[in-house]
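Novice: Once you've had a glance at the structure underneath, I'll fire off some questions.
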Amino acid sequence: MREGQKVTEENLNSVMEFDHVIRVHADGTVTDSPERVYFDEAVRSYLVNPETWEWEDEINLPEGWSLLSGFTGQYSYNGPVMHPSEYIGGGIARYILETPGDYVALVMESDCGYTQEFCSEESGCDCEPAGWVVATKPAE
């Protein structure tokens, strides 16, 4: 993040690049977080029943971290996974900028259960991400 960059609801999405941990301070300023945390394979989604299109999420966050929930605009869903077309703006940006702590946007990779054509356990799959999430660790 550029030093002295003013962060607003309108530009927070560009500041919060995937896997880039930011810190929101009590005075409303935003900086790169000094905490070095790695989120490799922290969030994944698995297709457990191709007939009913039922998915199960696997969440493995470092201690003290949790997912923000309730900000998606998806019909009849209010969980933590944002649709790929959504972005960090509006209510979720307002919440982040008003709530001190560390935040990171993470891609929710998916295992589509070998349901795609030419996809097998041997050849692997190139599945589209299930969406994305924002993980947070409250300020101490």
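Novice: Can you pull the one-decimal nm distance between simple spin-label points at residue 31 and residue 60, each 7 Å off the Cα toward Cβ?
Specialist: 3.2 nm
Novice: Give, as a single signed number, the net charge of other residues whose beta carbon lies under 11 Å from the beta carbon of residue 137, with Lys and Arg counted +1 and Asp and Glu -1.
Specialist: Cβ neighbours under 11 Å give a net charge of -3.
Every number in this text was worked out from the coordinates using simple rules, so none of it is lab data. Note that the structure is a prediction, hence the values are computed from the model and not measured. Positions of Cβ are generated from backbone atoms using ideal geometry, with glycine treated the same way; all protein chains shown enter the neighbour counts.
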